[in-house]
Amino acid sequence: MMPADREAADHLKTIRALMERATIYRAISAPTALAGGLSTLALCGLLWQAEPGTRPSPESFVGLWVGALVLVSVFNLWLLYRSARQRGDAFASSGMRMALRSVAPPLAAGFVLSTLAAVTRSNGYADIAAFWILFYGLALLAMGSFAPRSLLVLGTGFFGMGLLAFLPEVRALEERSYQASLLCMALSFGILHLLYAGYVFVSQKNRTPSVMEDLA
């Protein structure tokens with residue numbers, strides 16, 4: 001077998017394995033979405049109450065959301081690690097590496113553009129939120145060849161909300177950019193994640209017990 005054929009066969013094997021585990025991953029992603037949604041709403045609530053003189057700078061605003069992302073990501077990695085151990089699979093599998101390669105470019109682009117908006121604009125809060133929402137949606141959609149359909153629906157919701165955040169009506173809220181950014185983050189990373197988690201938790205009740213054992 002030629003190297004190119006062998007690589008193509010390995011990719012097909014990886015995609016097949018990922019599709020077989022799609023239901024398990026969706027079950028794992030539900031607690032992560034719940035944690036992400038609740039932490040987003042909590043952070044938005046705290047930031048909303050800040051007086052104009054005590055509000056974080058755009059750079060600090062990005063830092064706060066990066067910190068929240070890291071915490072939720074660590075929780076998700078722990079769930080994936082526990083599930084892999086229970087199945088007897090390798091944690092850093094070829095499937096995980098393929099998923100990381102898929103989501104890394106849009107996530108990196110969102111981080112770079114939001115950071116540039118933070119350092120070049122004194123009131124760029126709305127742009128920061130719009131970049132985060134749009135590119136997070138693109139990251140979820142980038143897993144379209146092996147992710148469960150529910151994750152793709154979630155990605156479509158983020159992608160649509162990210163585009164809406166760039167409408168002229170939102171851009172016109174320059175004097176309320178801080179409040180607009182918090183509303184956008186609450187509606188997307190907060191509400192959409194909670195709706196997704198609720199849907200998965202309800203749908204999992206009708207599935208086989210072996211899937212739910214990965215969350216026990």
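The values are calculated or read from the model by the stated rules, or taken from the named source; none is laboratory data. A quick note: this is a predicted structure, and the numbers were derived from the prediction, not measured. Positions of Cβ are backbone-derived with ideal geometry, glycine not excepted, and every protein chain shown enters the neighbour counts. SASA here: full protein model, heavy atoms, side chains in, ligands and nucleic acids out. Shrake-Rupley method; radii C 1.70, N 1.55, O 1.52, S 1.80 Å.
Estimate the FRET efficiency between Leu152 and Thr54 by the formula 1/(1 + (r/R0)^6), using the beta-carbon distance for r and 35 Å for R0, to the nearest 0.05. After rounding, the FRET efficiency stands at 0.30. With θ taken as phi - 60° and the Karplus curve 6.51 cos²θ - 1.76 cosθ + 1.60 applied, the whole-hertz 3J(HN,Hα) list for region 156-164 is 5, x, 5, 4, x, 5, x, 5, 4 Hz, x standing for glycine and proline. Computed extension length for Leu167-Val112: 17.7 nm, one decimal, from 0.36 nm per residue of separation with the Cα-Cα distance subtracted. Highest average first, the peptides 135-141, 103-109 ordered by how many other beta carbon atoms sit within 10 Å of their residues are 135-141, 103-109.
Nonpolar atom fraction for region 116-168, defined as the carbon and sulfur part of the 1.4 Å probe accessible area, stands at 72 percent.
On the basis of the beta-carbon distance and an R0 of 35 Å, Thr120 and Leu38 show a calculated FRET efficiency of 0.65.
Largest to smallest in accessible area, the residues Thr32, Thr120 fall in the order Thr120, Thr32 (1.4 Å probe, all protein chains included). A simple rule links phi to the HN-Hα coupling: the Karplus curve 6.51 cos²θ - 1.76 cosθ + 1.60 with θ = phi - 60°, which for region 108-117 gives 5, 4, x, 5, 5, 5, 5, 5, 4, 5 Hz, with x for Gly and Pro. Across the protein chains, with a 1.4 Å probe defining accessible surface, the residues Val72, Val119 rank Val119, Val72 from largest area downward. Applied to region 124-138, the Karplus parametrisation 6.51 cos²θ - 1.76 cosθ + 1.60 on θ = phi - 60° returns per-residue 3J(HN,Hα) values of x, 4, 5, 5, 4, 4, 4, 5, 4, 5, 4, 7, 5, x, 5 Hz, with x for Gly and Pro. Using heavy atoms of the protein chains and a probe of 1.4 Å, the accessible area assigned to Glu51 is about 120 Å².
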